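Peer 1: Input: one structure, supplied below.
Every number here is computed from the coordinates shown, using simple stated rules; none is lab data. Predicted model only: the values in this text are computed from it and were never measured. As a convention, Cβ positions derive from the backbone with ideal geometry for all residues, glycine included, and neighbour counts pool all protein chains shown.
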Amino acid sequence: MWQWIHKWASPKHFYRVSTRGAPWLWGLALILLPVGALWGLAFAPADYQQHDSFRIIYVHVPSAMLAESCFALMAVCAVVFLVWKIKLADIVAKVAAPFGASMTFAALFSGAVWGIPTWGTWWVWDARLTSMLILLFLYFGIIALRYAFAREHSGGRAAAVLSLVGVVNLPIIKYSVEWWNTLHQTASFSLTKAPSMPESMWVPLLLMMLGAYALFGAVVLSRTRNEILRREHRARWVRALITDTCDKEH
Amino acid sequence: MNAVRKRRLMIVLGLVALVAVTVTLMLFALRQNINLFYSPEQIVGQEAPTGRQIRAGGIVEKGSVDRNQDSLVVTFTVTDFKARVPVRFDGILPDLFREGQGIVVIGTLDASGTLDASQVLAKHDENYMPKEVADVLDKEGLSPEDYRAARAEGKLSYPEADRP
């Protein structure tokens, strides 16, 4: 099994086997996201209390889930990079960070827009909102720390350590609405109980969530492939790849 | 796994465990300050300071809302079904404000125990429902709250009106 993992961890092997994967993920995201968005924003029924402002859920929940999943992925990569020194893990952690930061910002922004009509305020310092803001700052810190080092490897290690420190924030975000009194309501979706809304409302939300994960996969995979080429540009296989592509075009 | 990697893994896991313990202790020490609001029970039990701005959270008691005809002044009672706190507010209420709604009130307690509110925020729950379904329930004489309670026990599913 270790051999199999090491084979996957080789940038060259990963680049070759992932060639087919990225277009599929992009295609999936490009189908699921527009369908889910149109369904949710135009055809799903409005809520009996919140009316149309309820539709912000179709942007808010997927972006918030991605913000947390992306950080979890970065933490896993950090362990793999620090313990096994696998460079591919560092590459994935590097390219995932900006995506996670944008998703966190999207979740905070859509939440603020939603808060004005329903709560009567765009921001309160409650545990959920504050821990989410801390997540955004952690992302900024991780991105900045990586570029604060002259050597790429040292930057990667520092960023990995900060991701591991920051991972403690994830359970705090998740359970903040249960541990403390917050203005934010508890989760609508969970793996263990039925969704707290009818099918006509949760099906488009599920499509948006799957689409968001497909987009996440597509972005991370494509950017990982670019980063592999950049880091390995002196390697023979990259030179061969480029000469091949040029030959085909001429 | 060789010895070097095992040691590195232990260091990494140790780091995460250490940070987790630190943060847990900090949050435990600050637990009262992290709560967004005091419950009516805490306020009646004099756990909340008077003369200083506090937040109170609870449900607007049914039948307690009294709107002044000549101004924006509203008085109502906030309850957690254990204790009740009277509130006076002069301003614009959020759309979701109604009797039976969860709210958070920001204001100061006066000497008589009335909360003089400067801002009222509406809390909403995680349950969403199309208007048509709410209408169907209304016809059957069920309120969304009763219906949810029955559904939580697995007795009911959503009525037909929600089919797209």
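Peer 1: Suppose we take every Cα in the range A:156-250 and form the convex hull; what volume per residue is that in Å³? Mind dumping the intermediate values first?
Peer 2: Values: hull volume 17.9 nm³, N = 95.
About 188 Å³ per residue, rounded to a whole number.
Peer 1: What spacing in nm lies between the two simple spin-label points modelled at B:A111 and B:V44, each 7 Å away from Cα in the Cβ direction?
Peer 2: Between B:A111 and B:V44, the label points sit 2.3 nm apart.
Peer 1: Still on this structure, please answer the following. Check cross-link reach from A:K174 to the aspartates and glutamates: straight Cα distance under 19 Å, and skip same-chain residues fewer than eight apart.
Peer 2: Partners within reach: A:E68, A:D126, B:D125, B:E126.
Peer 1: Please give the per residue volume of the convex hull enclosing the alpha carbon atoms of the protein assembly as shown, rounded to a whole number of Å³. Can you show the working numbers first?
Peer 2: Numbers: hull volume 82.4 nm³, N = 414.
About 199 Å³ per residue, rounded to a whole number.
Peer 1: Can you tell me, using C-alpha contacts under 8 Å and at least 6 residues apart, the relative contact order of chain B as a whole percent? The partial results should precede the final answer.
Peer 2: On the way: 227 pairs, mean separation 25.9, N = 164.
It rounds to 16 percent for chain B.
Peer 1: A further question on this structure: For peptide B:12-19, how many partner chain Cβ atoms fall within 10 Å of a residue's Cβ, on average? Before the final figure, lay out each step's value.
Peer 2: Details: counts 9, 3, 0, 4, 7, 1, 2, 6.
Taking the mean over all residues of the peptide, I get 4.
Peer 1: List every DSSP H helix in chain A whose Cα atoms extend 15 Å or more along the helix's own long axis and whose mean Kyte-Doolittle hydropathy is at least -1.0.
Peer 2: Membrane-span-like by this rule: A:21-38, A:57-84, A:87-118, A:127-147, A:152-166, A:199-231, A:236-249.
Peer 1: Which order results if A:H153, A:H60 are arranged by neighbouring Cβ count within 10 Å, fewest first? Walk me through the numbers on the way to the answer.
Peer 2: Numbers: A:H153 12, A:H60 21.
Lowest count first: A:H153, A:H60.
Peer 1: When the Kirkwood hydrodynamic radius is evaluated over all pairs of different C-alpha atoms of the range A:23-162, what value in angstrom, to one decimal, is obtained?
Peer 2: Here the Kirkwood hydrodynamic radius works out to 16.9 Å.
Peer 1: Helix hunt in chain B: which complete DSSP H runs extend at least 15 Å axially by C-alpha with mean Kyte-Doolittle at least 0.0?
Peer 2: B:3-29
Peer 1: Could you please rank A:H233, A:H184, A:H13, placing first whichever residue has the fewest other Cβ atoms within 10 Å of its Cβ? Could the numbers behind the result be given before it?
Peer 2: Details: A:H233 10, A:H184 20, A:H13 14.
Final ranking by Cβ density, sparse to dense: A:H233, A:H13, A:H184.
Peer 1: Pull out the extension gain between A:Q185 and A:S154, defined as 0.36 nm times the separation in residues minus the alpha carbon to alpha carbon distance; nm, one decimal.
Peer 2: On the way: separation 31, 0.36 × 31 = 11.16 nm, distance 4.13 nm.
Between A:Q185 and A:S154, full extension yields an extra 7.0 nm.
Peer 1: Could you work out Rg/(2.2 N^0.38 Å) for the range B:40-122, with Rg from alpha carbons only? Please list the in-between numbers first.
Peer 2: Numbers: Rg = 11.7 Å, N = 83, 2.2 N^0.38 = 11.8 Å.
Against the compact-globule rule of thumb, the ratio is 0.99.
Peer 1: Considering only Cα-Cα distances, which of the following residue pairs are longer than 18 Å: B:K62/B:K131; A:K12/A:K248; A:K94/B:K6; A:K12/A:K85? Mind showing how you got there, number by number?
Peer 2: Working: B:K62/B:K131 22 Å; A:K12/A:K248 21 Å; A:K94/B:K6 25 Å; A:K12/A:K85 16 Å.
Too far apart for the 18 Å limit: B:K62/B:K131; A:K12/A:K248; A:K94/B:K6.
Peer 1: Taking the beta-carbon count within 10 Å as an exposure proxy, list A:I172, B:I11, A:I56 from fewest neighbours to most. Mind showing how you got there, number by number?
Peer 2: Values: A:I172 22, B:I11 11, A:I56 19.
Ascending number of Cβ neighbours within 10 Å: B:I11, A:I56, A:I172.
Peer 1: Normalised by the residues of chain A, what does the relative contact order come to in percent, with Cα pairs under 8 Å and at least six apart?
Peer 2: Details: 270 pairs, mean separation 77.9, N = 250.
Relative contact order, chain A: 31 percent.
Peer 1: Let me check I've understood the local charge: for A:A148, count other residues with C-beta under 15 angstrom from its C-beta, Lys and Arg +1, Asp and Glu -1. What total comes out? Write out the running numbers ahead of the final one.
Peer 2: Values: positive: A:K94, A:R146, A:R151, A:R157; negative: A:E152.
The answer is +3.
Peer 1: For a quick check, take a GNM of chain A with Cα springs below 10 Å and name the residue from A:G36, A:G141, A:G120 with the largest mean-square fluctuation.
Peer 2: A:G120
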